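The values are calculated or read from the model by the stated rules, or taken from the named source; none is laboratory data. Here the structure is a predicted model, which means the values were calculated and not measured. Here the Cβ positions follow ideal geometry from the backbone for every residue, glycine too, while neighbour counts run over all protein chains shown.
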2 protein chains.
Amino acid sequence: MNKKSVSRLSHYRKVLLRLNELGFDRIFSDTLGEEAGVTAAQVRKDFSIFGISGNKRGGYIIADLIARLDDILKKRTVTRVIIVGAGNLGKALMHYPGFRRDSIEISAVFDIDPTKISRKADVPVLPLEEVGEFIAAHGIDIAIIAVPDVAAQRVFDILQRAGIRGILNFTTMTFKDNEDVVVNNVYLQFELENLIYFTAEKPA
Amino acid sequence: MNKKSVSRLSHYRKVLLRLNELGFDRIFSDTLGEEAGVTAAQVRKDFSIFGISGNKRGGYIIADLIARLDDILKKRTVTRVIIVGAGNLGKALMHYPGFRRDSIEISAVFDIDPTKISRKADVPVLPLEEVGEFIAAHGIDIAIIAVPDVAAQRVFDILQRAGIRGILNFTTMTFKDNEDVVVNNVYLQFELENLIYFTAEKPA
């Protein structure tokens, strides 16, 4: 599996949860593809890799698909994640409703600024020098980097030394996967470029 | 062109800018694909759609590719964008370095909270009721929604009525494209799900 196909599974799952809430119980690959912005063939291919099959007459049963995707995407247990950087972005991510709803819990936030430390908060903000200890004590595998670009490399190195295995990077620096760490770089400007392309193309 | 292929162009451009800074001047589709996480065939297919061709012996000239992508992605002029919501996320986006670097300028931020208004700031924060007037006066086409989920639908409707043509939605609500507006929904949890999948799969 590559990263893009796993992202498509996340997208299918979100569409299915919505349809399920609306009371639908079956779906065809063409409808699911349309909702998720891919072709029906892509949907069938992605599902067949995981041994999920529908039938031509009835399509897929939505509840079964969600259960299967929950297994694949590890949604049955809560995953604890830490954030480095308690600035605006870190604080926004700390309270992002999409995480909790999808079994992701922010366990703590770390910062070098002593004025931001808040040990007793619901989600504690702790000094960066405690991050290694925290990761070891709580078995944390995944960290979010939400610091200024200039600090990104240093934080990346600290996290890698502390044994983190997955990093979501919100700086505009680019980090690559290595033997120990899987990295997803989030480039928010791509989403805007996309809109600019499509709005410029459309006749006014 | 669909949204995903335009996103790939953004990604190619970012890789090419980095390689250009490092002093490279030519690239083959397999290297570019590897850096961008897609196959060489995908790179060639995406480029051929836009009439970009390399040659088998020498590959593509990086500077030419960047110039062509700058044209396609409208990078030669600054695009002005507004943000609705001056909370943590709105403030983080207001200062996101990836925007300015990619010819995107945040012109103003809008909020309903009178204590957040700041007309004289570098990027002014204005009352939401002025958004329609501002959009018309400044010819704004694109808006970012960074408000709590509960306010998302109302803000979407206000923006659409004001003639906005592209919306980047950071709430966890899902909006669909319609005849007048192109929407990109950003689901930050997908990026984490992705990491969870790949870190769980890797042997400890």
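A:Val147 passes all but one of (1) in a loop (DSSP other than H, G, I, E, B); (2) over 27 Å from B:Pro148 (Cα atoms); (3) not hydroxyl-bearing (Ser, Thr, Tyr); which number fails?
(2)
Tell me which residues, restricted to the stretch A:155-204, are more than 7 Å from every other protein chain (Cβ to nearest Cβ) and β-branched (Val, Ile, Thr).
A:Val155, A:Ile158, A:Ile164, A:Ile167, A:Thr171, A:Val181, A:Val183 - these are the residues of the stretch A:155-204 that are more than 7 Å from every other protein chain (Cβ to nearest Cβ) and β-branched (Val, Ile, Thr).
Could you please find all residues in the stretch B:82-127 being of a type in the set (Val, Ile, Thr) and in contact with a helix residue (DSSP H, G or I) (Cβ under 8 Å, 6 or more places away or on another chain)?
B:Ile82, B:Ile83, B:Val84, B:Ile104, B:Ile106, B:Val109, B:Ile112, B:Val123, B:Val125
Mind counting the residues in the stretch B:85-122 that are touching a strand residue (DSSP E or B) at 6+ places or on another chain (Cβ under 8 Å), surrounded by fewer than 16 Cβ atoms within 10 Å (Cβ to Cβ) and in a helix (DSSP H, G or I)?
Residues meeting the conditions: 1.
Can you find even one residue in the stretch B:105-118 that is within 24 Å of B:His11 (Cα to Cα) and not basic (Lys, Arg)?
Within the stretch B:105-118, one or more residues are within 24 Å of B:His11 (Cα to Cα) and not basic (Lys, Arg).
Could you tell me which numbered condition B:Val81 fails, if it satisfies all but one of (1) facing chain A (nearest Cβ under 9 Å); (2) part of a helix (DSSP H, G or I)?
Every listed condition holds for B:Val81 apart from (2).
May I ask you to list the residues in the stretch B:135-158 that are surrounded by 16 or more Cβ atoms within 10 Å (Cβ to Cβ) and within 23 Å of B:Lys74 (Cα to Cα)?
B:Ile135, B:Ile140, B:Asp141, B:Ile142, B:Ala143, B:Ile144, B:Ile145
Out of everything in the stretch B:37-72 that is closer than 20 Å to B:Arg18 by Cα and among the hydroxyl-bearing types (Ser, Thr, Tyr), what residue ends up being modelled with the lowest pLDDT?
B:Thr39
Within the stretch A:43-84, can you find the residues that are crowded, with 16+ Cβ neighbours inside 10 Å and among the polar types (S, T, N, Q)?
A:Thr79
Collect the residues in the stretch B:75-111 that are without any contact (Cβ under 8 Å) to a residue 24 or more places away in the chain and not polar (S, T, N, Q), keeping them in residue-number order.
B:Lys91, B:Ala92, B:His95, B:Tyr96, B:Pro97, B:Gly98, B:Phe99, B:Arg100, B:Arg101, listed by residue number.
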